[in-house]
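What follows is one structure encoded as C-alpha cells, with my remarks underneath.
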C-alpha cells in the first residue's frame with residue numbers, strides 16, 4: 001500500500017459528488033427502518049423525513065433530492081518491504097464506491113460512505129506520539145445507512161474514522177483494535193450521536209497487514225470473497241443486527257426485556273411506548289447510532305445499542321487473515337442490497353464486471369432493477385486486495 005501522501009488519497013476527503021433531481025414529495029408507506037406515530041395517530045415511515053441540508057456539505061442548496069453519488073477508483077500501492085520484524089505487508093487495494101437513492105419520491109438518499117486507504121497517515125492526531133507496529137498502515141471502509149433523515153449518517157461519515165484514528169494512533173497493535181473499536185463506537189454514540197433523532201446503521205472494515213476487522217452496529221453487512229479450488233468462497237464478516245436475521249440479537253433483547261412486535265405491520269421490530277403505554281415507534285435494526293426519540297422512550301434501557309460486533313471485534317470470531325497473494329474481494333453493502341437479493345445472486349452479479357468501480361455500480365443497478373426492485377437506498381463499497389506474495 002502506498003504512503004500517506006500518495007496521489008490516490010486525494011480523492012478520499014470528499015468522496016461523493018451529489019446530483020440533485022426534482023423536489024421532495026410526501027412519503028409513501030413502504031417497509032423501512034422504523035415506524036412512528038404522528039400527532040394525528042397515523043402511522044408513517046421515517047424514510048419520508050425531510051433532508052437536512054445543513055448537515056451535509058454536498059447537499060443541494062435548493063432542498064432537492066440526492067439522486068446519485070459516486071467516486072473514482074482509488075489505488076494504494078505496495079510499500080517497500082522492511083527488515084523490521086514487526087513490519088506488516090501492505091496490500092495493493094483498488095476501491096470502487098457507488099450509492100443511489102431508492103425511491104426519490106419518498107426521501108433523498110440517506111446513505112453515506114467513507115473510504116480511507118491510509119487512516120493513520122491521513123488522520124494522525126496532532127502533537128501525539130505514535131505507538132504501535134512499525135507498519136502503520138491501516139485502511140478503513142465504512143457504510144452508513146441512515147433512516148429518518150441523513151444527519152446521523154452524515155455525522156458518522158465525517159467523524160467516525162477520525163475518532164478511530166485518534167485512539168488507534170496511540171496503540172496500533174492488533175490486540176488493541178478490538179477494544180479501540182468498541183470504545184470509539186460507544187463514545188461516539190454517547191457523546192455525539194445521542195442527540196440525533198434520525199438514526200443510522202453502521203458497518204466498518206479495517207485492514208491492517210493481512211487481517212480484516214469488522215465493527216458493525218446495524219443490519220448492513222460486509223463479506224470477503226476468495227477464489228478457492230476454482231470457485232469463489234464467500235466469508236461473512238459480521239452478523240446482521242435485527243430480529244429477522246440474528247438469534248443472538250433476539251436472545252440479547254429478551255434478556256433486556258425489550259418488546260418485540262408480533263403485529264403484521266411491525267413484526268420483528270422493537271417497540272417504544274410512552275408513559276401511558278401507547279405505541280410511539282417501532283425500530284427494525286437492533287443496534288445503531290442516533291434514534292434519540294426511540295432510545296429515550298423505550299424501557300428498560302439499554303435496548304438498542306451502538307456496541308459493535310464483527311470478526312475480530314465481537315462474537316463472530318477472530319479477525320480474518322488473508323493468506324497468499326490473492327486477489328481478495330471485499331464487499332461492504334447496506335441492507336438495500338442484502339434485503340432484496342440472495343447472497344448467491346449478489347455474488348453472480350458482482351463478478352459479471354471486472355473492476356471494483358464497475359462492480360459497485362453494477363450491484364446497485366441490479367438491486368434496484370427488475371426483478372429485485374429494491375426501493376431502499378443502496379450503497380456498495382468493493383475492494384480488490386492483493387499482496388506481493
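The values are calculated or read from the model by the stated rules, or taken from the named source; none is laboratory data. Note that this is a predicted model, so its numbers are computed, not measured. All Cβ positions, even for glycine, are placed from backbone atoms using ideal geometry, and neighbour counts span all protein chains on display.
Working only within the stretch 331-345, note down all residues that are closer than 25 Å to residue 183 by Cβ and surrounded by fewer than 24 Cβ atoms within 10 Å (Cβ to Cβ). Passing the criteria: none in range.
Take the residues in the stretch 363-389 that are surrounded by fewer than 20 Cβ atoms within 10 Å (Cβ to Cβ) and within 23 Å of residue 226 (Cβ to Cβ); name whichever of them is modelled with the lowest pLDDT. That would be 389.
Scanning for something closer than 30 Å to residue 389 by Cα and either in contact (Cβ under 8 Å) with a residue 24 or more places away in the chain or crowded, with 24+ Cβ neighbours inside 10 Å (or both), does the stretch 151-162 turn up at least one residue? Give the steps one after another, and end with the answer.
At the first step, the residues of the stretch 151-162 found to be closer than 30 Å to residue 389 by Cα are 161.
After this cut, where a residue has to be either in contact (Cβ under 8 Å) with a residue 24 or more places away in the chain or crowded, with 24+ Cβ neighbours inside 10 Å (or both) as well, the list is 161.
There is at least one residue in the stretch 151-162 that is closer than 30 Å to residue 389 by Cα and either in contact (Cβ under 8 Å) with a residue 24 or more places away in the chain or crowded, with 24+ Cβ neighbours inside 10 Å (or both).
Looking across the stretch 250-287, the residues that are in a helix (DSSP H, G or I) and either at pLDDT 95 or above or surrounded by fewer than 18 Cβ atoms within 10 Å (Cβ to Cβ) (or both) come down to 250, 251, 252, 254, 255. Is the stretch 100-122 home to any residue that is in a strand (DSSP E or B), more than 22 Å from residue 214 (Cα to Cα) and in contact with a helix residue (DSSP H, G or I) (Cβ under 7 Å, 6 or more places away or on another chain)? Yes, the stretch 100-122 contains a residue that is in a strand (DSSP E or B), more than 22 Å from residue 214 (Cα to Cα) and in contact with a helix residue (DSSP H, G or I) (Cβ under 7 Å, 6 or more places away or on another chain). Of the residues screened, residue 75 is one that is touching a strand residue (DSSP E or B) at 6+ places or on another chain (Cβ under 9 Å), more than 30 Å from residue 290 (Cβ to Cβ) and either in a strand (DSSP E or B) or at pLDDT below 95 (or both). Kindly provide the set of residues from the stretch 227-247 that are in contact with a strand residue (DSSP E or B) (Cβ under 8 Å, 6 or more places away or on another chain) and either in a loop (DSSP other than H, G, I, E, B) or more than 27 Å from residue 351 (Cβ to Cβ) (or both), ordered by number. 237, 238, 239, 240, 241, 242, 243 - these are the residues of the stretch 227-247 that are in contact with a strand residue (DSSP E or B) (Cβ under 8 Å, 6 or more places away or on another chain) and either in a loop (DSSP other than H, G, I, E, B) or more than 27 Å from residue 351 (Cβ to Cβ) (or both).
Could we say that residue 135 is outside any loop (DSSP other than H, G, I, E, B) and more than 13 Å from the chain's Cα centre (by Cα) here? The answer is no for residue 135. What helices (runs of 4 or more DSSP H) completely inside the stretch 289-389 contain at least 1 residues that are in contact with a strand residue (DSSP E or B) (Cβ under 9 Å, 6 or more places away or on another chain) and either free of Cβ contacts under 8 Å to residues at least 24 places away in the same chain or within 30 Å of residue 276 (Cβ to Cβ) (or both)? The qualifying helices (runs of 4 or more DSSP H) are 292-297, 343-350, 356-368.
Just to be sure, is residue 69 surrounded by fewer than 24 Cβ atoms within 10 Å (Cβ to Cβ), in contact with a helix residue (DSSP H, G or I) (Cβ under 6 Å, 6 or more places away or on another chain), at pLDDT below 85 and assigned to a strand (DSSP E or B)? When the stated conditions are applied, residue 69 does not pass them.
Quick grid of which residues meet (1) in contact with a helix residue (DSSP H, G or I) (Cβ under 8 Å, 6 or more places away or on another chain); (2) under 30 Å from residue 363 (Cα atoms):
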position: 278; (1), (2): no, no
position: 283; (1), (2): yes, yes
position: 290; (1), (2): yes, yes
position: 294; (1), (2): no, no
position: 317; (1), (2): no, yes
position: 325; (1), (2): no, yes
position: 329; (1), (2): yes, yes
position: 333; (1), (2): yes, yes
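Which is outside any helix (DSSP H, G or I), out of contact with any helix residue (DSSP H, G or I) (no Cβ under 8 Å at 6 or more places or on another chain) and touching a residue at least 40 places away in the same chain (Cβ under 8 Å), of 170, 195? Explain how you work it out, then say what you get.
Values: 195 fails: out of contact with any helix residue (DSSP H, G or I) (no Cβ under 8 Å at 6 or more places or on another chain).
Answer to the check: 170.
Only one of the numbered conditions (1) under 21 Å from residue 238 (Cβ atoms); (2) in contact (Cβ under 8 Å) with a residue 40 or more places away in the chain; (3) touching a helix residue (DSSP H, G or I) at 6+ places or on another chain (Cβ under 6 Å); (4) assigned to a helix (DSSP H, G or I) is violated by residue 180, and that is (2).
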